[in-house]
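Below is one structure, written out as structure tokens, with a few remarks after it.
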Amino acid sequence: MKLSELFLAIALCGLFAVSCRQAENGFKPVNPQATPEAKQLLSFLYSLQGEFTLTGQHNFASDLPRYENVVHEMTGTYPALWGCDFSFMAQGDNIARFQHCGPMNLTAPFGPCEVNGRTKEELRQGIIDEAIRKHAEGRIITLMWHCCFPTGCDECNGDDIWRLAERLPSQEEWDELVTEGTGLNTLWKKQMDGVATYLKQLQEAKVPVLWRPFHEMNGVWFWWCNKPGEKGFKKLWIAMYDYFTNHHKLNNLLWVWNTNAPRDIPGDEAGPYKDFFPGIEYVDILAADVYNRDWKQSHHDELLELGGGKLISLGEVGEAPSGEVIEAQPSWSWFMVWGYCIYDFSAFVRPSEPDPDAPESAEAPAPPSFASMPASNPAVKAIYDNPRSITLDRIDFSGKTYKLKP
């Protein structure tokens, strides 16, 4: 063997060993007891890494089919990823402020904000039943949870969730929350017990779940936000992972740590990924939320680097990415458009401002409503037609395993 051939062989062996190590580490869920279905889903996602991006759509518990149907009208197909939210029951006089996130007891955004009269149990069971149906079609299921501070359990004023930076729990409250056996910790466990009951139904139905709790923790808006460092968000994440995995034996979950894309907007900041990262051993997939067309290359590259080659995804987006975005940022495993953000907002004509000279008895303009929005969005159609995008009709789910059609 020539010396050059020897060097080439050594190099190839080194690359092969590295790739094998990456595959071994990447394909192994952080939960050693992960179900076969969860393992197979993770393996499928790795098989797409860097080549394809799954399409996804968020849906609201109070009107589960609405935005799925809008996607189909726009594109002629359905997204591969089906998302929903365990959410909360909005209380108080300002419920309309929080309609945008889809509280369970309100009509789905947007349109008239009304209480729908349904119970928490009925609504959450509806999510589970729908998830089982979607999974049978070959969908990949992702679930999240806009959760009240534990003292409110699942029924609270939205201000209890969307706390500004100065209203976040004190360090003393935070320490109590994550300390075993305290009063606040006990309330939190009771709150988690309620959600775990429904996740167990999915496990029994052999439905794996991309589970992304406490999203956007590096921002300053939710109660679980803005707690960097070893004693901050990291402890909350690990405590939830331990409780769901070791106490409730929820082995069908793949753990999606879902940040916000970092930004430096006064009063609306989102800090560096690394300051809130709980560690590779507690995260299967790293994700970022991108709104306002903020498709910085660093949002993709820094997340990929932090994960050491693990999967990354766009947990929520305020609009579908373009083909240019997923070409330049190829490691996004999926994107999920947030509910009504599937619409083309440039086509949405808001009602005119009231005439300041009109008499006080004059009727005020109707609030914005998407009920009459045109079911067409060129940007959505373009990304769904992109050869890098995976839609439901490109997935073969025969044998109850995910794979691409030839």
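Values quoted throughout were computed directly from the atomic coordinates according to the rules given, and no laboratory measurement underlies them. All values reported here derive from a predicted model rather than from experimental measurement. Glycine also receives a Cβ, built like all others from the backbone with ideal geometry; neighbour counts cover every protein chain displayed.
Among L143, Q171, G181, which residue has its Cα furthest toward the positive end of the charge dipole of segment 141-206, with +1 on Lys/Arg Cβ and -1 on Asp/Glu Cβ?
Among L143, Q171, G181, the one farthest towards the positive end of the dipole of segment 141-206 is L143.
When you count, for each residue, the other Cβ atoms within 10 Å and take the mean per peptide, how do 149-159, 283-293 rank with the highest first?
Details: 149-159: 17.8, 283-293: 20.9.
Listed from highest to lowest mean packing, they are 283-293, 149-159.
Could you rank the peptides 228-234, 332-338, 393-399, 35-41 by their average count of other C-beta atoms within 10 Å per residue, with the highest value first? Please report the intermediate quantities before stating the final value.
Values: 228-234: 15.7, 332-338: 26.4, 393-399: 12.9, 35-41: 19.3.
Highest-to-lowest ranking by the protection proxy: 332-338, 35-41, 228-234, 393-399.
Output the 0 to 90 degree angle, nearest 10, between the alpha-carbon long axis of helix 233-242 and the longest principal axis computed from the alpha carbons of the chain.
70 degrees
Separation between the T401 and K190 pseudo-spin-labels, each 7 Å from Cα along Cα→Cβ, expressed in nm?
Taking the simple label geometry, T401 and K190 are separated by 4.5 nm.
Between K231 and K28, what length in nm is gained on full extension when 0.36 nm per residue of separation is reduced by their alpha carbon distance?
Working: separation 203, 0.36 × 203 = 73.08 nm, distance 2.74 nm.
Taking K231 through K28 to full extension adds about 70.3 nm, to one decimal.
Packing-wise, with mean Cβ within 10 Å as the measure, how do 317-328, 189-200, 99-110 rank, highest first? Provide the component values of the computation, followed by the final result.
Working: 317-328: 18.2, 189-200: 16.6, 99-110: 21.3.
The packing order, highest mean first, is 99-110, 317-328, 189-200.
At 0.36 nm per residue, minus the direct Cα-Cα distance, what do D301 and S170 gain on full extension? Give it in nm, one decimal, please.
43.9 nm
So what is the calculated 222 nm ellipticity per residue for the chain, using -39500 (n - 2.57) for each DSSP H run with n of 4 or more, over all residues, to the nearest 500 deg cm²/dmol?
Values: 10 runs with 127 residues, N = 406.
It comes out at -10000 deg cm²/dmol, rounded to the nearest 500.
Suppose each label sits 7 Å from its Cα in the direction of the beta carbon; what would the T197-D63 distance come out to in nanometres?
2.8 nm
Give me the percent of DSSP beta bridges within the chain that run antiparallel, rounded to the nearest 5.
Antiparallel bridges make up about 15 percent of those DSSP assigns within the chain.
What does the extension gain come out to for A379 and H100, with contour length at 0.36 nm per residue minus their alpha carbon separation? Write out the running numbers ahead of the final one.
Details: separation 279, 0.36 × 279 = 100.44 nm, distance 2.19 nm.
Gain in length upon complete extension: 98.3 nm.
Angle check, please: helix 36-48 long axis (alpha carbons) against the longest principal axis of the chain (alpha carbons), in degrees 0 to 90, nearest 10.
80 degrees
Just report the Cα centroid separation between segment 109-147 and segment 259-283, whole Å.
The two parts, judged by their Cα centres, are 27 Å apart.
Taking a threshold of 18 Å on the Cα-Cα distance, which of the pairs K200/K249; K189/K227; K39/K190 fall above it? Don't jump to the answer; show the numbers that get you there.
Working: K200/K249 9 Å; K189/K227 20 Å; K39/K190 29 Å.
Beyond 18 Å between Cα atoms: K189/K227; K39/K190.
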